[in-house]
Amino acid sequence: MCIRDRAWTGSIEAGSLEAKAGAASFALKRVERKSPTEGLKPPEGAVVLLPFTGGPPPLDEWDNPAWIPLPDGSMRVGKGDIRTRRHFGDVKLHVEFRIPYEPYGGGQGRGNSGVYFQDRYEIQVLDSFGLVPGAGDCGAVYSVAAPKVNASLPPLAWQTYDVTFRAVRLKEDGTVARPALFTVVHNGVPVHDKVEVVRQTGGGPEGLVKTGPIRLQDHGSPVSYRNIWAVELKDEP
């Protein structure tokens, strides 16, 4: 490499890039970002949906035995979506996910999955590292709202969602008094604050419900999940 008539030479070793050109030199060290909530332990009273163990986790809380428990304490997408046997209304959910490296894919074809609330409203999971985020990217309320910032880590890194979901409120006649609300923290970064969702997102059934299952999506990519737990919220009527 030549910059301003200087021939630069360099080497990469032990996680550091060092380059020289005459008396000039610089060094860049590899930095690995991690979510501050990675490995967060469930609080007392939480519903543990996928325990973070030292071996293959039990899938007792889920309805699809085709998903694959792995030795690292995670489960990987199998065949078809998977849902919790329990149903939730207002809930705070912690989820950790790992997107595979799929360099030959593009757009929605790279590490695609999703976390659905009440089987209807999706927070997108996708390899969106380094992109200007849109309403179909990682951290988005799918097709409804793009994340405020791109908080994605590279594929193969463990990432976290900490989501506060408020279910739709209905009047006595069945009409909507207040739509569903999402507050989402992605890898420790707030990306949504009480975003209103007035309809189901793509892939969600129609109709309004007070409670419903958590669903993880099979979109053809071997995404892994671990350490999933929920705190049911009772602080609003």
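The values are calculated or read from the model by the stated rules, or taken from the named source; none is laboratory data. Given the structure is predicted, the values throughout are model-derived calculations rather than measurements. With ideal geometry, Cβ positions are generated from the backbone for all residues, glycine too; neighbour counts draw on all protein chains shown. Note: areas computed on protein heavy atoms with side chains; ligands, DNA, RNA excluded. Shrake-Rupley method; radii C 1.70, N 1.55, O 1.52, S 1.80 Å.
Looking at the structure I just gave you, is residue 171 over 27 Å from residue 68 (Cα atoms), within 16 Å of the chain's Cα centre (by Cα) and of a type in the set (D, E, K, R)?
no
When you go through 165, 97, 129, 117 one by one, which is the residue that is more than 21 Å from residue 193 (Cα to Cα) and open to solvent by less than 40 Å² (accessible area, probe 1.4 Å)?
Going through 165, 97, 129, 117 in turn, the sole match is 97.
Mind checking which residues of segment 158-192 are free of Cβ contacts under 8 Å to residues at least 24 places away in the same chain and closer than 16 Å to residue 148 by Cα?
181, 183 - these are the residues of segment 158-192 that are free of Cβ contacts under 8 Å to residues at least 24 places away in the same chain and closer than 16 Å to residue 148 by Cα.
Filter segment 178-188 for residues that are open to solvent by less than 50 Å² (accessible area, probe 1.4 Å) and at negative phi; which is farthest from the chain's Cα centre (by Cα)?
Here is the first cut: in segment 178-188, the residues open to solvent by less than 50 Å² (accessible area, probe 1.4 Å) are 179-188.
Remaining after also requiring at negative phi: 179-186.
Values: 179: 22, 180: 19, 181: 17, 182: 14, 183: 13, 184: 10, 185: 9, 186: 7 Å.
Out of the qualifying residues, it is 179.
Kindly list, by first and then second residue, each pair from a residue in segment 216-229 that is within 17 Å of residue 92 (Cβ to Cβ) to a residue that is surrounded by fewer than 21 Cβ atoms within 10 Å (Cβ to Cβ) and aliphatic (A, V, I, L, M), limited to pairs with Cβ atoms under 6 Å and residues at least 6 apart or on different chains.
Final answer for the pair search is 229/46; 229/48.
List every residue pair whose Cβ atoms lie under 6 Å apart, where the two residues are 6 or more positions apart in sequence or sit on different chains, the first residue falls within segment 131-153 and is of a type in the set (Ser, Thr, Tyr), and the second residue, located anywhere, is open to solvent by less than 50 Å² (accessible area, probe 1.4 Å) and not in a loop (DSSP other than H, G, I, E, B).
Qualifying pairs under 6 Å: 142/122; 142/124.
Please go through segment 168-194 and pick out each residue that is part of a loop (DSSP other than H, G, I, E, B) and in contact with a strand residue (DSSP E or B) (Cβ under 6 Å, 6 or more places away or on another chain).
168, 171, 179, 187
Being outside any loop (DSSP other than H, G, I, E, B), basic (Lys, Arg) and farther than 21 Å from residue 142 by Cα is the filter here, so list the residues in segment 72-111 that pass it.
Listed by number, the list holds a single entry, 76.
Only one of 73, 109 is under 13 Å from residue 219 (Cα atoms) and of a type outside the set (A, V, I, L, M, F, W, C). Can you tell me which?
Going through 73, 109 in turn, just one is under 13 Å from residue 219 (Cα atoms) and of a type outside the set (A, V, I, L, M, F, W, C): 109.
Between residues in segment 58-85 that are touching a residue at least 24 places away in the same chain (Cβ under 8 Å) and crowded, with 16+ Cβ neighbours inside 10 Å and residues that are of a type in the set (Asp, Glu) and assigned to a loop (DSSP other than H, G, I, E, B), which pairs lie under 6 Å by C-beta distance while being six or more apart or on different chains?
Within 6 Å, the pairs are 77/218; 81/218; 83/63; 84/61.
Per-residue answers, yes or no, for (1) open to solvent by 60 Å² or more (accessible area, probe 1.4 Å); (2) modelled with pLDDT of 95 or more; (3) in a loop (DSSP other than H, G, I, E, B); (4) in contact with an Asp or Glu (Cβ under 9 Å, 6 or more places away or on another chain):
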| position | (1), (2), (3), (4) |
| --- | --- |
| 196 | yes, yes, no, no |
| 202 | no, no, yes, yes |
| 208 | yes, no, yes, no |
| 218 | no, yes, yes, yes |
| 225 | no, yes, no, yes |
| 230 | no, yes, no, no |
| 234 | yes, no, yes, yes |
| 237 | yes, no, yes, no |
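Among the listed residues 195, 149, 144, which satisfies the condition of being of a type outside the set (Gly, Ala, Ser) and within 21 Å of residue 96 (Cβ to Cβ)?
Details: 195 fails: within 21 Å of residue 96 (Cβ to Cβ); 144 fails: within 21 Å of residue 96 (Cβ to Cβ).
Only one candidate qualifies: 149.
Kindly establish whether residue 115 is within 26 Å of residue 170 (Cα to Cα), in contact with a strand residue (DSSP E or B) (Cβ under 6 Å, 6 or more places away or on another chain) and of a type outside the set (Asp, Glu).
In short, yes.
Could you check residue 23 against (1) surrounded by 15 or more Cβ atoms within 10 Å (Cβ to Cβ); (2) more than 22 Å from the chain's Cα centre (by Cα) and say which number it fails?
In the conditions (1) surrounded by 15 or more Cβ atoms within 10 Å (Cβ to Cβ); (2) more than 22 Å from the chain's Cα centre (by Cα), residue 23 misses (1) alone.
Restricting to segment 91-120, and then to whatever is aromatic (Phe, Trp, Tyr) and within 14 Å of the chain's Cα centre (by Cα), can you tell me which residue is nearest to residue 235 (Cα to Cα)?
117
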